[in-house]
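**Q** Structure in structure tokens, see below.
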Amino acid sequence: MTAVAGVVLAAGEGQRLRPLTETVPKALCPVGNLPLLDHALRRLAGLGLSGPSTVAVNAAYLAGQVVAHAGDRAHLSVEPDGPIGTSGGIARLRSWIDGRGVLAGNADAYLHDPFRDPGKDIAALLDGWSGDTVRMLTKPCFPGDTGGFSGRRFAGFSLMPWRYVRDLEEVDSNLVRTVWRPAEAAGDLELIPYEGLYMDTGTPADYLTANLHAAAGTVLTGPSVRITGEATESVLGASSVVEGTVTRCVLWPGAHVPAGESLTDAIRTATGLTVQI
């Protein structure tokens, strides 16, 4: 079997997710009380890919936070002059990849398969791989959507052989242009169905929806949460305090909803920043 390295692409600025990402990189925004980066690392670990010899994380925007959070769990690639896109980020890792295939996942992807554990849910990307084709995890395009690949849309992870990676350049570019479309034109692109739910958490509304999906109609609480008010269908981060009422909300660690306040369909951070959906 062809050797494979895992890469979590975590360099993006998360502009569509602002103001939540003004002080926290998108990769560290929590979904279901777990940072998105950790979801991706856990999924790779479920495939047997863990540690800095087999998993890399790239960082650019607020890179210090990503580096500190990843720690020794991955090889770290910092883009000092700002993000250089998904293609540029892979190119910068060329010497570390060193001839292996690359299983690359976007840090902002939320995936959930009710029947398979993380990692097992995307194992079809690797099953029977020749080491020569480009594979893309996909879902059907939404009705009315144009673009995509033969009626299907990208679902967060792709698998690329070394021959498609070795000539990538460290310039601002994306894998759509440098790998996926060329592979499609050459007849080298294989579309692998994802059986579970996939969401891009790039906007506050989608980010809230992903969190509520993770809560599954319950109140999902982190450690040391204090509730003296009322909480319904929400995700409450560690040490958050609910003295008022929250409904379909996400409270980041340390967030506070005071007595007398009723918060619905919103995201609140520890600084008091509130994004109403």
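The values are calculated or read from the model by the stated rules, or taken from the named source; none is laboratory data. The shown structure was predicted, so the numbers you read here are calculated from the model rather than taken from an experiment. Cβ coordinates were reconstructed from backbone atoms using ideal geometry, including for glycine residues, and neighbour counts include every protein chain displayed. Heavy atoms of the whole protein, side chains included, go into the accessibility calculation; ligands, DNA and RNA do not. Shrake-Rupley method; radii C 1.70, N 1.55, O 1.52, S 1.80 Å.
**Q** Highest mean first, how do 158-165, 246-253 rank when packing is the count of other Cβ atoms within 10 Å averaged over residues?
**A** Most protected by this proxy first, the peptides run 246-253, 158-165.
**Q** Further question on the same structure: What ranking do 208-215, 142-149, 221-228, 43-50 get when scored by the average of other Cβ atoms within 10 Å per residue, highest first?
**A** 208-215, 43-50, 221-228, 142-149
**Q** Taking Rh as the Kirkwood radius computed over C-alpha pairs, what is the Stokes-Einstein D of the chain at 4 °C in a medium of viscosity 1.567 mPa s, expressed in µm² per second?
**A** 67 µm²/s
**Q** Could you tell me what a quarter of the Cα convex hull surface of the range 118-277 works out to, in nm² with one decimal place?
**A** 12.3 nm²
**Q** Does the range 13-92 classify as rounded, prolate or oblate by the C-alpha gyration tensor (a ≥ b ≥ c root eigenvalues; a/c under 1.5 gives rounded; else a/b over b/c gives prolate, otherwise oblate)?
**A** Oblate shape, in that a/c is at least 1.5 and b/c is the bigger or equal ratio.
**Q** I'd like to check one number: the per residue accessible area of the chain, probe 1.4 Å, reported in Å² as a whole number.
**A** Computed with neighbouring chains in place, this is 42 Å² per residue.
**Q** At 1.4 Å probe size, with the rest of the protein present, what percent of the exposed accessible area of the range 157-277 is carbon and sulfur atoms?
**A** Carbon and sulfur together cover 50 percent of it.
**Q** To continue, here is another question. Hey, what did the chain get for relative contact order, percent, Cα under 8 Å, at least 6 apart?
**A** Once normalised by length, the contact order is 17 percent.
**Q** Would you check the accessible area of residue 139, probe 1.4 Å, heavy atoms only, in square angstrom rounded to 10?
**A** Estimated to the nearest 10 Å², residue 139 gives 40 Å².
**Q** Related question: What is the pair-distance distribution P(r) of the range 168-229, computed from all Cα-Cα distances in 5 Å bins starting at 0, with each bin given as a whole percent?
**A** 4, 12, 11, 13, 15, 13, 10, 8, 7, 5, 3, 1, 0
**Q** Kirkwood hydrodynamic radius for the range 226-277: how many Å is it when counted over pairs of different Cα atoms?
**A** Kirkwood radius, the range 226-277: 10.2 Å.
**Q** I've got another one for you. When only alpha-carbon atoms are used, what values of Rg and Dmax, in angstrom, describe the range 74-170?
**A** Rg, Dmax (Cα atoms, Å): 14.9, 42.
**Q** For the range 186-277, calculate the relative contact order in percent as a whole number, restricting contacts to Cα pairs under 8 Å that are 6 or more residues apart.
**A** Relative contact order for the range 186-277 comes out at 18 percent.
**Q** With unit charges on the beta carbon (Lys/Arg positive, Asp/Glu negative), name the residue among 225, 165, 144 whose Cα is farthest towards the positive pole of the charge dipole of the chain.
**A** 165
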